[in-house]
Each structure stands twice: as structure tokens, then as C-alpha cells.
Amino acid sequence: MRARPDLIEHLPRLRRYARALTGDVTRADDLVQDTLERALVKLDLWQPGSDLRAWLFTLMHNLFVNQIRIRRPRETVLEDALDEPVSGGQMEALTARDIHEALARLPEVQREVLLLVGLEQFGYAEAAQVLGVPTGTVMSRLSRARERMRQMLAGEPAIKLKLVK
Amino acid sequence: MTDDVHEHELNAYVDGTLPEARRLEVEAWLAAHPADAARVQAWSDQNQSLHATFDAVLNEPLPLNLVRATLRPALPVPFRAVAALLAMMATGLVGYAIGLNAEQAPAAPVYLARDAAIAHAVFSPESRHPVEVDAAHADHLVAWLSKRVGTQLQAPDFSAQGFDLLGGRLLSGETGPVAQFMYQDRIERRVTLYVRRAVSGNKVTAFRHAAENGVDVFYWIDGDFGYALSGQIGRKAIQQLADAAYSQMIPASGKR
């Protein structure tokens with residue numbers, strides 16, 4: 001009998017990524033569950049010895065992309081739609097809420113790259129493989145994502161918080 | 001603006017993927033270009049913020065439906081899991097069999113070994129955030145984890161075995177807070193010590209060994225607490241560390 005690779009040890013990281021990606025506990029765990037079900041069905045296609053984690057993230061990416069298509073059939077994903085005001089002030093301590101909101105406003109393709117590299121510590125080539133795009137695309141999306149986040153995070157506290165000091 | 005240093009290289013600098021020589025050049029460039037340096041600092045802060053916001057997910061108890069989803073097989077039965085349980089029961093854990101049939105006894109030794117192995121597999125590969133509190137603040141680390149776990153812990157000294165304390169972190173388990181200490185040797189092999197409250201009734205057990213997904217775990221219950229040492233350095237080496245940990249902890253735990 002062929003040995004089954006163990007999926008459970010990848011569960012915590014799949015959940016972390018899904019949580020950051022969707023910004024929603026239930027939706028995230030549903031995405032993880034769908035990923036696991038897909039993985040069990042397709043396990044024969046996974047090459048033993050290759051990176052199981054990257055393969056699982058690839059499955060999750062494909063499911064996530066499909067969900068987006070279904071949820072918002074008419075909306076196009078604009079990579080540079082937002083132009084946020086920049087406060088020019090120093091970065092205040094960022095709250096989890098700031099991060100959640102900024103991520104939510106990031107185009108999905110940029111959010112994925114930022115999270116795979118910045119949170120999940122995938123290399124650029126690995127992230128490219130997961131997303132099915134060239135490494136150069138990963139680099140440019142990453143660069144744009146970080147700049148966009150920087151602008152949003154620098155801008156937000158000034159707008160939302162009245163500093164009481 | 002960045003004629004000499006490409007934008008992509010600034011990103012690679014943040015991600016620590018530049019070759020050493022180039023990294024130094026980029027560093028010099030940043031010293032002379034404060035605007036770029038500020039951007040790079042902001043990106044780096046983003047990574048920290050992402051971890052600060054989402055790493056807690058790693059410590060959450062796994063939802064049972066998801067755990068089951070990893071097992072629901074192409075095969076009719078989660079064969080490996082059943083085989084592993086049978087093997088453990090055959091090696092002397094029959095007494096805990098009652099704990100195996102329900103989710104009610106999460107800290108039964110079998111679960112202790114499994115959870116410790118998972119926690120090891122999750123955190124030991126982390127290159128940038130393997131621990132929450134590093135060994136430079138060992139006193140604080142031990143005091144903090146002791147307070148949260150509810151017993152006077154100590155981080156065993158494995159220097160005689162070639163392993164130095166890297167630090168530790170707080171996890172959550174089904175019996176409450178869990179302490180994880182991580183050690184590393186010169187060739188960056190890592191082992192973790194996992195400590196949590198045991199289910200009442202299990203007072204003392206001898207050492208047990210389990211192999212979970214290639215991770216060797218030696219575990220034991222002492223008083224109200226379960227201890228598990230995990231690593232992928234060979235069964236014998238782990239056992240030596242576990243012996244060392246056990247003998248060092250006897251005075252601290254008020255061995256009965």
C-alpha cells in the first residue's frame with residue numbers, strides 16, 4: 001500500500017494563510033476544508049518527495065481563485081485601483097484591525113503574494129509555482145503590494161484614530 | 001530613483017534572499033538613500049505585523065472537522081492512524097484505551113505525543129520566527145511560561161548534548177496553555193520540549209516513545225504535567241536528551 005503523506009501537520013499553516021487571505025474565520029476554515037478534500041481526492045497526483053506544503057497551497061490558491069470568480073463575476077480585479085492618501089506621519093503602532101483592513105483592500109493577486117512571501121515564508125520561485133505565474137510577476141506584485149500596504153497603513157491611523165496624548 | 005539598486009533587490013533585501021556580497025552593497029545604498037531605507041523599513045514592519053496578527057492562528061486548537069478532513073481517506077479507514085494507535089496500545093498503553101475513544105481525554109499520552117509532534121513540525125522549520133521569546137531573555141521566558149502553564153517550569157540545559165536553548169513560545173492546547181521550548185545544535189538541527197497539564201488521573205508514566213510522521217517523540221507524565229521531547233535527530237539522540245531533561249527536572253517538579 002502506498003503510504004499516505006500526513007496532511008495534519010500542514011493544517012495550522014493552511015489555516016493561518018486562509019485566515020489572512022479571506023479575513024474571515026468561517027470562510028477561511030471552509031477554504032481549508034475544501035483544500036483538504038481536494039487533496040485527498042488528488043493525492044495520487046502528488047509526487048512523493050516533492051514539497052507537499054507547496055502543493056497544498058497550490059490547491060488552496062486554485063480554490064480561492066474559483067471562489068472569487070463565482071462571488072464577483074462582473075467585477076474585474078484591478079491591480080492598481082486604489083490610491084490612498086498618505087499622511088506622511090510616522091507609522092503608529094499597527095493594530096490587527098489595521099492589518100486586516102489593509103489586506104482586505106489589497107487586490108487578491110497582490111494579497112496572495114504578500115502573504116505567501118511575507119507571512120508564509122515561501123521563496124519567490126516557490127510562490128510563483130503556487131500561483132502558476134512567472135517569478136517576475138511575483139516580484140512585481142510583491143513590490144506593488146508592499147507599497148500599497150505602506151500607503152494604506154501610513155494613511156489610516158491619521159484618518160481613523162484621534163490620538164489622545 | 002534606484003538606478004543602481006533594483007526595486008526587486010530591495011524586496012529581496014527585506015526577505016533575506018540576497019547573496020551576502022550584494023546584501024552589503026544594498027545596505028550601503030540604503031544608508032545613502034533615506035527614502036528607500038524608510039520604504040524598506042516599512043515593508044519589514046509589514047512582515048512583522050502580519051506575523052503579529054496571524055501567528056495566533058497557529059496556536060489555536062485544530063477544529064475537529066478539519067482534523068477529520070485530513071484523515072477521511074481515499075482509503076476506507078485512516079489506516080495509518082489506526083495502526084499507530086494499535087501499536088501504541090500494544091506497547092503498553094492499553095490502560096489509556098478509555099481515553100482513545102472520545103475527545104474527552106485530549107491529554108492522554110497518545111495525544112500528548114501527537115500534539116507535541118505537530119507543534120514541532122509546525123514551528124521548528126520557521127527561519128525567522130521559530131520562537132516568541134528568545135534565549136537572550138531566558139529568565140523572562142521561563143517565568144512567563146511557568147505562570148501561564150501553571151507550574152514552575154525550567155528549560156533544561158542540553159549543552160552537554162550540544163544543543164543550546166533558542167527560546168520558547170506559548171501555545172494553546174485542549175487542556176489549556178502549553179509551553180514549547182526550542183533548542184538547536186551547531187548544524188541547526190532543532191528539538192522541542194512540549195509541556196502541558198495532563199489529564200487528571202495520569203500521575204506518573206515511564207518514558208514512552210512514539211514516531212509521528214518521522215518525528216521521534218519521547219514523552220512522560222510527571223504529576224499533573226505531561227512532557228514531550230520531539231525531534232528528527234534519531235531516536236537514540238532524542239532519548240539521551242529526554243533522559244537529561246527528566247533528570248534535571250526532578251528537583252524542580254518536586255518528584256513524588
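Divide the volume of the convex hull around the Cα atoms of region B:149-197 by the residue count and you get 67 Å³ per residue. Near B:Gly176: Cβ cut-off under 13 Å, other residues only, Lys/Arg at +1 and Asp/Glu at -1. The net charge is +1.
The ranking of A:Val133, A:Val32, B:Val14, A:Val109 by Cβ neighbour count inside 10 Å, starting from the fewest, reads A:Val133, A:Val109, B:Val14, A:Val32.
Sorting A:14-20, B:15-21, B:216-222 by average packing, meaning the other beta carbons within 10 Å per residue, from highest down gives A:14-20, B:216-222, B:15-21. Would you give the gap between the C-alpha center of region A:9-33 and the C-alpha center of region B:1-70, rounded to a whole Å? Answer, in whole Å: 21. Under the Kirkwood approximation applied to all pairs of distinct alpha-carbon atoms, what is the hydrodynamic radius of region B:100-252 in Å? For region B:100-252, the Kirkwood estimate is 15.1 Å.
Summarised in one figure, the compactness ratio Rg/Rh of region B:151-232, Cα atoms and Kirkwood Rh, is 0.97. Ranking of B:His51, B:His209, B:His120 by neighbouring Cβ atoms within 10 Å, starting from the fewest: B:His209, B:His51, B:His120.
Arranged from fewest to most other beta-carbon atoms within 10 Å of their beta carbon, B:Val67, A:Val113 become B:Val67, A:Val113.
Over the residues of region A:91-145, compute the C-alpha Rg and express it relative to 2.2 N^0.38 Å.
Numbers: Rg = 11.8 Å, N = 55, 2.2 N^0.38 = 10.1 Å.
Compactness ratio reported: 1.17.
Is there a simple number for the mean count of other chain Cβ atoms within 10 Å of the Cβ of residues in B:54-65, and what is it?
On the way: counts 13, 3, 3, 11, 5, 2, 5, 0, 6, 6, 0, 5.
Taking all residues of B:54-65 together, the mean is 5.
Considering all different alpha carbon pairs of region B:7-59, the Kirkwood hydrodynamic radius works out to 12.0 Å. Averaged over the residues of A:12-21, the number of partner chain Cβ atoms lying within 10 Å of the residue Cβ comes to 5.
Please report the net charge: other residues with Cβ closer than 11 Å to the Cβ of B:Pro130, K and R +1, D and E -1. Local charge sum for B:Pro130: -1. Percent of Cα pairs in region A:1-75 per distance bin of 5 Å, from zero to the largest separation: 3, 15, 27, 23, 15, 9, 5, 2, 0, 0.
Since every read-out is calculated from the coordinates, none of them should be taken as a lab result. On a predicted model such as this, the values are computed, not experimentally measured, just so you know. Here Cβ is always computed from backbone atoms with ideal geometry, including for glycine, and neighbour counts include all displayed protein chains.
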